[in-house]
1. Could you work out how far apart the two model spin labels at Asp145 and Val20 are, taking each label as a point 7 Å from the Cα in the direction of the beta carbon, and quote it in nm?
2. On the protein heavy atoms, probe 1.4 angstrom, tell me the percent of accessible surface of the range 1-53 carried by carbon and sulfur.
3. Determine the shape class of the range 1-68: with a ≥ b ≥ c the square roots of the Cα gyration tensor eigenvalues, call it rounded for a/c under 1.5, and otherwise prolate if a/b is greater than b/c, oblate otherwise.
4. Run through the range 1-48 and list the chymotrypsin sites (Phe, Trp or Tyr not before Pro) located in a DSSP loop whose Cβ has at most 13 other Cβ atoms within 10 Å.
5. Computed FRET efficiency, Cβ-Cβ of Asp92 and Met34, R0 41 Å: what is it to the nearest 0.05?
6. May I ask you to list the GluC sites (Glu not before Pro) in the range 12-62 that are in a DSSP loop and have at most 15 other Cβ atoms within 10 Å of their Cβ?
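The values are calculated or read from the model by the stated rules, or taken from the named source; none is laboratory data. Values in this document were obtained by computation on a predicted structure and should not be read as measured data. A quick note on method: Cβ atoms are made from the backbone with ideal geometry, for glycine too, and the neighbour counts reach across all protein chains shown. These area figures cover heavy atoms from the full protein model, side chains too; ligands, DNA and RNA do not enter into them. Shrake-Rupley method; radii C 1.70, N 1.55, O 1.52, S 1.80 Å.
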Amino acid sequence: MFNDIGALELVTIVVLAVLVFGPDKLPKVIQDVMRTVRKIREFSESAKQDIRQELGPEFKDFEFEDLNPKTFIRKQLENDELGLKEIRNGFDLKKEMAEVTDAVHGREAESSSSASSSSPSSSGGRIDMVKKPEEPGKDDRPPFDADAT
């Protein structure tokens, strides 16, 4: 529950507790807090047991932690029935990123570089990625704007 509290934070909490409650009342406050935490845990466990009993025997292995979306997705991705491990292992991220980088920088593979050098549309081996507006034809009407009329 308190996995991310360091030593400095713990010392700060203890010093603040001593200053706020005083050294004579601090043991009683700690007992009251622990009793409250214990009651909350008991209430939570009894509620979980009631829900499991109401769901019936087909949900006897139901875990409430699976309701957390991260846990649910992680559990489903680890499930081998979907064949995701084969897809994940067959996907080479470095190769894909190299291909995308080459395409963006205008470098092409050796097999397609000879074909692109003969095409007149390529300008120095670079891909033109600037979007140019299309010129409307003579018979094309401008787009209708209902708000303008």
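1. 6.1 nm
2. The nonpolar share, carbon plus sulfur, comes to 67 percent.
3. Oblate.
4. Phe2
5. Using R0 = 41 Å, I get an efficiency of 0.15.
6. For GluC sites (Glu not before Pro) across the range 12-62 that sit outside H, G, I, E and B with at most 15 neighbouring Cβ atoms in 10 Å, the list is empty.
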